[in-house]
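Student: One structure, pasted below without further comment.
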């Protein structure tokens, strides 16, 4: 069986697939079977890579980033991330459960070494735009990269007193570890629909703080001439007038005074750090985790996979995968 996820990125949300499914399903080999787990994978472009699969099993993936895939008899949905995904694909509402990263909630994160910092987790695509380490230091908060190895990332999250996250799985994993969090948007890559998809399943009332996005031309596309960066500004202006392509409305624009823009961003992050965070209710979280485990049991039965000895209570060590 092949676990399919967004390759080409070390993003922690994608990396979790390489840990969770072997731990829960064991080392099973099923020729021609693809498993879609964590990630916004249910779109036409991504699912083209499944053309050769004989069976496509879905447990917790979300829709987004383009048209939904065309479904046929090969597909079986044990669960999807949320109601928005279920309805986009024409599935029954009972297929909507939660993001599979919530399976980690059965581990005890209280033993994580507390550092008590406010941590900031940008989206992995935002990392290229500016020096987040410098901005976070100026704001008096701790930068945590979404590209860290999953165990290291989770320890940084679980030891925090508040998590400010542009990355959706930064917020989800904070919720898993019961650390209050706030979501923020920065630039055009923020996808509020997928946040709503998972948050609604936990009865969370999202309040996303949208910060003005920008990039430093000396860091991002620095090999491009000035006219390239000015062209982005022009296209954005055209889109506000209702002209041009729809994607121009979502562009992150250059700042030609990046030091000033970084100072403003640091101030805004500092202000967010002084606000209270949010958490899903413990009862709602436990209910969704129980449902996820029921769907894992259904998936295991379909695959005729033996139950790993430690898997019922998820009593496996959250340690780096073998080299």
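Student: Using a simple spin-label model with points 7 Å from Cα along the Cα→Cβ vector, what separation in nm is obtained for residue 307 and residue 114?
Tutor: With each label point 7 Å from Cα toward Cβ, the separation is 3.5 nm.
Student: Among 245, 113, 260, which one moves the most in a GNM of the chain with springs linking Cα atoms closer than 10 Å?
Tutor: Among 245, 113, 260, the largest mean-square fluctuation in the Gaussian network model of the chain belongs to 245.
Student: Tell me, what is the percent relative contact order of the chain, built from C-alpha pairs under 8 Å that lie six or more residues apart?
Tutor: 19 percent
Student: Round to a whole angstrom and tell me the spacing of the C-alpha centers of segment 49-118 and segment 169-238.
Tutor: 21 Å
Student: Also, I was wondering about something else. By count of other Cβ within 10 Å, fewest leading, how are 203, 223, 14 ordered?
Tutor: Sorted ascending by nearby Cβ count, the order is 223, 203, 14.
Student: Given Cα positions, please report Rg to Rh for segment 180-289, the hydrodynamic radius being the Kirkwood one.
Tutor: Using only Cα positions, Rg/Rh for segment 180-289 is 1.08.
Student: Would you mind calculating the relative contact order of segment 1-159 from Cα pairs under 8 angstrom and at least 6 residues apart, reporting the percent as a whole number?
Tutor: It rounds to 20 percent for segment 1-159.
Student: Turning to a different aspect of this structure: When the helices in the chain are scored as -39500 (n - 2.57) per DSSP H run of 4 or longer and the sum is shared across all residues, what 222 nm value do you end up with, to the nearest 500 deg cm²/dmol?
Tutor: Per the formula, -10000 deg cm²/dmol.
Student: Nearest 5 percent is fine: what portion of the DSSP beta bridges confined to the chain is antiparallel?
Tutor: So the antiparallel bridges amount to about 5 percent of the total.
Student: Please identify, among 39, 213, 274, the residue showing maximal mean-square fluctuation in a Gaussian network model of the chain using a 10 angstrom Cα cutoff.
Tutor: Per the Cα network of the chain with a 10 Å cutoff, 274 tops the list.
Student: Decide, for segment 12-160, between rounded, prolate and oblate: order the square roots of the alpha carbon gyration tensor eigenvalues as a ≥ b ≥ c, take rounded if a/c falls under 1.5, and otherwise choose prolate if a/b is larger than b/c, else oblate.
Tutor: prolate
Student: Ratio of the chain's C-alpha Rg to 2.2 N^0.38 Å, to two decimals?
Tutor: The value comes to 1.03.
Student: Using a Gaussian network model of the chain with C-alpha springs under 10 Å, which one of 20, 208, 172 is most mobile by mean-square fluctuation?
Tutor: Per the Cα network of the chain with a 10 Å cutoff, 208 tops the list.
Student: Something else about it: Where a ≥ b ≥ c are the square roots of the eigenvalues of the C-alpha gyration tensor, would you call segment 88-194 rounded, which needs a/c under 1.5, or, failing that, prolate if a/b is larger than b/c, or oblate?
Tutor: Here segment 88-194 falls in the oblate category.
Every read-out reported here was derived from the displayed coordinates using simple, explicitly stated rules and does not represent laboratory data. Because the structure is a prediction, the values reported are computed rather than measured. Don't worry about glycine lacking a Cβ; one is built from the backbone with ideal geometry, like all the others, and counts go over all protein chains shown.
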